[in-house]
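Peer 1: A single structure is presented below for examination.
The values are calculated or read from the model by the stated rules, or taken from the named source; none is laboratory data. For clarity, every value in this text was computed on a predicted model and none was experimentally measured. Note that we place each Cβ from the backbone using ideal geometry, even for glycine, and neighbour counts take in every protein chain shown.
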Amino acid sequence: MSSEKDVHSRLRGSIVPMVTPFLEDGSFDEKSYRDLIEWQIESGSHGISCAGTTGEPSSLTMEEREYLFEVTMNAVRGRVPVVLGTGSTNHAEALRLTKTAERLGADAALVIVPYYNRPSQEGLYRHFCAIANSVDIPIILYNIPGRTGVNLEPATMARLKRDCPNIIGVKESNKDFEQVTRVFQACGRDFLVYSGIELLCYPMLALGGAGHLSATANLMPREVAHLYDLVHAGKWHEAIDLHFQLADINEALFWETNPGPVKACLAMMGKIKPVVRPPLALPGEGLTARLRGVLTSYGLI
């Protein structure tokens, strides 16, 4: 595993949570996915992540997820860090996927709080400990209570950091922004905290966050990466301006459940086919028209 200092310096900035594009028959559109990765890297994104919420992981079979990991590593070719989403509501699956990520040479694994079964804090501690202890690669926790039905408490994160040295950070998709300060207080300000809420990317950086995994970067990779770059350069006023410039599209992409709006927008931009897997659905005609208006206002179509 890379040294702690190297990991903490590399895994920063805009780490894009990629969509998983599909063809009309629902199969994986590998060509479009590879093209998207090239565009992201050319646009200055600091890292690539796949099989997070935006990538529809629960709609993929285990074999599809592992193949997606392989394609991602092959397409990126070490040019930027890769964070593979290995979490599952099934403990054994999460273990298997995280070991696969390590075998493929991922820079880190992003492991979501198990969804649906709503474990206790002790259950979460044991789940994440077992995963972290099974590999040597860095683990980034993924806390998204709106999807999972349970909050990973700062005290539990601190316990995990203490007992599992390769647990290095958390993607916080928690609209209770007080949680972020509590995480830093409990885990230390060296803990890598990433925003998973688009409208909180700038505020997270202001508190000392390591970066963001923002769905908006699928559409505007250069701008979302630039937000981090401005803060890193100490250009706070310019960063605040960019934060507000991105506000409308950040909101629009969550008018319906992610990644439906994101995929509809990418299709309008000619990047992918407009396909999600059931039970998700693309936005209806009215919402699509509103999204088209937003894209037009940003010069994206």
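Peer 1: Looking at Val83, Val19, Val7, which one is of a type in the set (A, V, I, L, M, F, W, C) and modelled with pLDDT under 95? Give the steps one after another, and end with the answer.
Peer 2: Values: Val83 fails: modelled with pLDDT under 95; Val19 fails: modelled with pLDDT under 95.
Unique residue meeting the criteria: Val7.
Peer 1: Tell me which residues, restricted to region 107-134, are in contact with a Pro (Cβ under 6 Å, 6 or more places away or on another chain) and not small (Gly, Ala, Ser). I'd like the intermediate steps shown before the answer.
Peer 2: Kept after step one, since they are in contact with a Pro (Cβ under 6 Å, 6 or more places away or on another chain), are these residues of region 107-134: 107-108.
Residue satisfying the conditions is Asp107 alone.
Peer 1: Here's another thing I want to ask about it. Being touching a residue at least 60 places away in the same chain (Cβ under 8 Å), out of contact with any Pro (no Cβ under 7 Å at 6 or more places or on another chain) and of a type in the set (D, E, K, R): is that true of Arg12 here?
Peer 2: For Arg12, the condition - touching a residue at least 60 places away in the same chain (Cβ under 8 Å), out of contact with any Pro (no Cβ under 7 Å at 6 or more places or on another chain) and of a type in the set (D, E, K, R) - is met.
Peer 1: Next question. For Asp229, state whether it is modelled with pLDDT of 95 or more and assigned to a helix (DSSP H, G or I). Walk me through it before giving the result.
Peer 2: Values: modelled with pLDDT of 95 or more: yes; assigned to a helix (DSSP H, G or I): yes.
In short, yes.
Peer 1: Can we say Gln185 is surrounded by fewer than 18 Cβ atoms within 10 Å (Cβ to Cβ), of a type in the set (S, T, N, Q) and touching an Asp or Glu at 6+ places or on another chain (Cβ under 8 Å)?
Peer 2: For Gln185, the condition - surrounded by fewer than 18 Cβ atoms within 10 Å (Cβ to Cβ), of a type in the set (S, T, N, Q) and touching an Asp or Glu at 6+ places or on another chain (Cβ under 8 Å) - is not met.
Peer 1: Shifting gears a bit: If you go through region 167-179 one residue at a time, do you hit one that is of a type outside the set (Phe, Trp, Tyr), assigned to a helix (DSSP H, G or I) and buried (at least 24 other Cβ atoms within 10 Å of the Cβ)?
Peer 2: Taking region 167-179 as the starting set, the residues that turn out to be of a type outside the set (Phe, Trp, Tyr) are 167-176, 178-179.
If we keep only those that are assigned to a helix (DSSP H, G or I) too, we end up with 178-179.
If we keep only those that are buried (at least 24 other Cβ atoms within 10 Å of the Cβ) as well, we get none.
Scanning region 167-179, I find no residue that is of a type outside the set (Phe, Trp, Tyr), assigned to a helix (DSSP H, G or I) and buried (at least 24 other Cβ atoms within 10 Å of the Cβ), so the answer is no.
Peer 1: Just checking, does region 144-154 include any residue being under 26 Å from Met73 (Cα atoms) and outside any loop (DSSP other than H, G, I, E, B)? Can you show your working first?
Peer 2: Of the residues in region 144-154, the ones under 26 Å from Met73 (Cα atoms) are 144.
Still in the list and also outside any loop (DSSP other than H, G, I, E, B): none.
Taking every residue of region 144-154 in turn, none turns out to be under 26 Å from Met73 (Cα atoms) and outside any loop (DSSP other than H, G, I, E, B).
Peer 1: Only residues that are out of contact with any Pro (no Cβ under 9 Å at 6 or more places or on another chain), surrounded by 14 or more Cβ atoms within 10 Å (Cβ to Cβ) and over 24 Å from Gly211 (Cα atoms): list them for region 15-33, please.
Peer 2: Matches in region 15-33: Pro21, Phe22, Leu23.
Peer 1: Within region 91-138, can you find the residues that are among the β-branched types (Val, Ile, Thr) and touching an Asp or Glu at 6+ places or on another chain (Cβ under 7 Å)? Please lay out each step first, then the result.
Peer 2: Let us first name the residues in region 91-138 that are among the β-branched types (Val, Ile, Thr), namely 98, 100, 111-113, 131, 135, 137.
The answer is Thr100, Val135, Ile137.
Peer 1: Could you tell me whether Thr98 is in a helix (DSSP H, G or I), within 18 Å of Cys187 (Cβ to Cβ), among the hydroxyl-bearing types (Ser, Thr, Tyr) and touching a residue at least 24 places away in the same chain (Cβ under 8 Å)? Give the steps one after another, and end with the answer.
Peer 2: Details: in a helix (DSSP H, G or I): yes; within 18 Å of Cys187 (Cβ to Cβ): no; among the hydroxyl-bearing types (Ser, Thr, Tyr): yes; touching a residue at least 24 places away in the same chain (Cβ under 8 Å): yes.
Against the criterion (in a helix (DSSP H, G or I), within 18 Å of Cys187 (Cβ to Cβ), among the hydroxyl-bearing types (Ser, Thr, Tyr) and touching a residue at least 24 places away in the same chain (Cβ under 8 Å)), Thr98 does not qualify.
Peer 1: Further question on the same structure: Given the conditions (1) part of a loop (DSSP other than H, G, I, E, B); (2) over 19 Å from the mean Cα position of the chain (by Cα), which single one is not true for Thr296?
Peer 2: Status for Thr296: all satisfied but (1).
Peer 1: Please go through region 177-192 and pick out each residue that is out of contact with any Gly (no Cβ under 6 Å at 6 or more places or on another chain) and in contact (Cβ under 8 Å) with a residue 24 or more places away in the chain. Before the answer, list the steps.
Peer 2: Step one: filter region 177-192 for residues out of contact with any Gly (no Cβ under 6 Å at 6 or more places or on another chain), giving 177-188, 190.
Listed by number, the residues that qualify are Phe177, Gln179, Val180, Thr181, Arg182, Val183, Phe184, Gln185, Ala186, Cys187, Gly188, Asp190.
Peer 1: Tally the residues that are in contact with a Leu (Cβ under 7 Å, 6 or more places away or on another chain), outside any strand (DSSP E or B) and under 19 Å from His8 (Cβ atoms), restricting the search to region 102-137.
Peer 2: 2
Peer 1: Still on this structure, I have one more. Criterion first (more than 20 Å from Val170 (Cα to Cα) and crowded, with 21+ Cβ neighbours inside 10 Å) does Arg65 satisfy it? If you could, list the steps in order and put the result at the bottom.
Peer 2: On the way: more than 20 Å from Val170 (Cα to Cα): yes; crowded, with 21+ Cβ neighbours inside 10 Å: yes.
Yes; evaluated as a whole, the condition is true for this residue.
Peer 1: Could you grab the pairs with beta carbons closer than 6 Å, sequence gap of 6+ or different chains, first residue in region 35-52 and closer than 17 Å to Pro259 by Cβ, second one basic (Lys, Arg)?
Peer 2: Pairs that qualify, where the first residue is closer than 17 Å to Pro259 by Cβ and the partner is basic (Lys, Arg), are Ala51/Arg65.
Peer 1: Mind checking which residues of region 34-52 are surrounded by fewer than 22 Cβ atoms within 10 Å (Cβ to Cβ) and hydroxyl-bearing (Ser, Thr, Tyr)?
Peer 2: Of everything in region 34-52, just one residue is surrounded by fewer than 22 Cβ atoms within 10 Å (Cβ to Cβ) and hydroxyl-bearing (Ser, Thr, Tyr), namely Ser43.
Peer 1: Scanning region 202-218 for residues that are part of a helix (DSSP H, G or I) and in contact with an Asp or Glu (Cβ under 7 Å, 6 or more places away or on another chain), which turns out surrounded by the fewest Cβ atoms within 10 Å (Cβ to Cβ)?
Peer 2: First, the residues of region 202-218 that are part of a helix (DSSP H, G or I): 202-206, 215-218.
Checking the rest, the ones that are also in contact with an Asp or Glu (Cβ under 7 Å, 6 or more places away or on another chain) come to 215-216.
Values: Ala215: 24, Thr216: 26.
For region 202-218, the residue satisfying everything is Ala215.
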